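A short reminder: the numbers here are calculations on the coordinates, not readings from a lab. Note that the structure is a prediction, hence the values are computed from the model and not measured. Virtual Cβ from ideal backbone geometry, glycine too; neighbours counted across all protein chains shown.
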Amino acid sequence: MGELGDRGRYSCERLIDLMIDMSSNANAAEDWIQDIEEIFGVLECTDQQKVKFAAFKLSGEAKRWWNSEKIIREAEGIGIIVWAQFKQSFFDRFFPKADRDAKAREFTNLVQGTMTVRQYAARFAELSRFTTYLIPDEEKKTRKFEEGLNYRIYERVMILQIQNL
């Protein structure tokens, strides 16, 4: 079980207890997975523990979905599910590819327009988390942000040669 042994297992359970109120909202689904993975990154949890803990903390529609998934997997003779499979199934259900693609398109087309710089920055940050595959490094992310600014602001910002947000 790793260096943390039983202590790691119980810490993992206790931390996850603090955080989950699941809904079928795409942003909530993404946040939920990110929060859990942050905890798993700190603690030594096996793949099976990750799935068990995450499934235990599901509620409402998400809990019904997972119970149905388990029944289907058992009927098909599919055994243990690893974290990557759980996460993919979870995203397929609560944050479908069409929704992820729509967020990516929205990010690609995002410009400041009538938003304040603060509003634009907030929207940029919210959408950019769904498109890490489109912008692989901080410098490209910064350029994308700058290019979306209104031209008068963009001209002034370009002089500064900002390297990261």
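Couple of notes before you dig in:
- Farthest positive-ward along segment 62-165 dipole, Cα basis, beta-carbon charges - from Q119, F86, P136: Q119
- Computed over segment 40-165: relative contact order in percent, which uses C-alpha pairs under 8 Å that are six or more apart: 20
- For the pair segment 30-73 and segment 93-147, the centres of their Cα atoms are 27 angstrom apart.
- Nearest-20 debye value, segment 78-165 charge dipole, Cβ charges on Lys, Arg, Asp, Glu: 160
- Rounded D (µm²/s) - segment 97-160, Kirkwood Rh over Cα pairs, Stokes-Einstein at 10 °C, 1.306 mPa s: 131
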